[in-house]
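These notes concern the structure reproduced below.
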Amino acid sequence: MYPIANPKVLQRARQILAYDPIFIDTETTGFSPQDVVIEIGVVDLAGNTLYESFIKPSIPIPPDSIAVHGITDQIVADAPSWKEVWPELLPVLSGRFVGMYNSDFDVRMMKQTNKRYWLEWPLDNKHFFCVMKLYAAFYGQIDAKRRTYRFHKLEAAGAACGIPLPNSHRAVDDALLTAVLFKYIADYKS
């Protein structure tokens, strides 16, 4: 029964694939409007790491966040600040289609981290796409409460597609899993 593999979803994934997208994941201090990015990883479809960095935050990392990703204040103590990372990261992202698993969250966190450092956001929001939403439509299970497709955790989506990569809650690993999941959808033969 699942995946439904709607032809429109497959077509959209193949259209994006033609632009040779890259994939990002972030780890953060939390989810609130005050939280910031503390790790970022960018990979391409071939699995090459294009950019990777810890980021020293301007606020402490709370224990509940450390429990998820394992990144402590000690780990990022000597890392560059976002103000130092952004000029290196921006050319990697500029002019590219960029996929993320839950892009609403990752884009919001990058933008609010930029805002904390008074940095501009020159990237075109139309170039970001959400692999989580794409996978939800690909899988096709309805969430009756939200009256839309049901979202799946990254690890569950990977496992359902037979992808042997874990969701480690580390930026490069999760960006890689997102890239492989996207390619699985784009290459899917119904």
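The values are calculated or read from the model by the stated rules, or taken from the named source; none is laboratory data. Not measured: the values here are computed from a predicted model. FYI the Cβ positions are ideal-geometry reconstructions off the backbone, even for glycines, and counts take in every protein chain you see. Quick note on the areas: whole protein, heavy atoms, side chains included, nothing else; ligands and nucleic acids left out. Shrake-Rupley method; radii C 1.70, N 1.55, O 1.52, S 1.80 Å.
Between Lys189 and Ser32, the contour length at 0.36 nm per residue exceeds the alpha carbon distance by 52.5 nm. The local environment of Ser65, defined by Cβ-Cβ distances under 10 Å, has a net charge of -3 under the rule Lys, Arg +1 and Asp, Glu -1. Asp104 label point, 7 Å along Cα→Cβ, cut-off 18 Å on backbone N: hits in segment 151-175? Only 151-154 pass the distance filter. Counting 0.36 nm for each residue step from Asp173 to Gln11 and taking away their Cα separation leaves a gain of 55.7 nm. Pairs exceeding 32 Å between alpha-carbon atoms, taken from Lys115/Lys189; Lys115/Lys153; Lys8/Lys115; Lys126/Lys153: Lys115/Lys189; Lys8/Lys115. Relative to the longest principal axis of the Cα atoms of the chain, the long axis of helix 103-116 lies at roughly 20 degrees. Where only DSSP H runs of four or more residues are counted, the chain gives -12500 deg cm²/dmol as its mean residue ellipticity at 222 nm, each run worth -39500 (n - 2.57).
I'd like the FRET efficiency for Ile75 and Gln112, computed as 1/(1 + (r/R0)^6) with the beta carbon distance as r and R0 of 22 Å, rounded to 0.05. Before the final figure, lay out each step's value.
Working: r = 22 Å, r/R0 = 0.98.
With R0 = 22 Å, the Cβ-Cβ based efficiency is 0.55.
At a probe radius of 1.4 angstrom, the accessible area of the chain per residue rounds to 52 square angstrom. The string of couplings for segment 30-45 from the Karplus curve (6.51, -1.76, 1.60, θ = phi - 60°) is x, 10, 7, x, 8, 7, 9, 6, 10, 8, 9, x, 10, 10, 9, 5 Hz, one whole number per residue in order, with x for Gly and Pro.
Among residues other than Thr28 whose Cβ falls under 11 Å from its Cβ, what is the net charge (Lys/Arg +1, Asp/Glu -1)? Around Thr28, the charge tally is -4. Placing a label point 7 Å from the Cα of Leu90 along the Cα-to-Cβ direction, the residues of segment 120-135 with a backbone N closer than 14 Å are 120-124. Is the shape of segment 105-190 rounded, prolate or oblate, going by the alpha carbon gyration tensor and its root eigenvalues a ≥ b ≥ c, with a/c under 1.5 for rounded and a/b larger than b/c for prolate? The shape class here is prolate.
Since only Pro57, Val92, Phe138 are under comparison, the one whose Cα sits farthest along the positive direction of the charge dipole of the chain, derived from C-beta charges on Lys, Arg, Asp and Glu, is Phe138. The figure for Cys130 is an accessible area of roughly 20 square angstrom, using a 1.4 Å probe on the protein chains alone.
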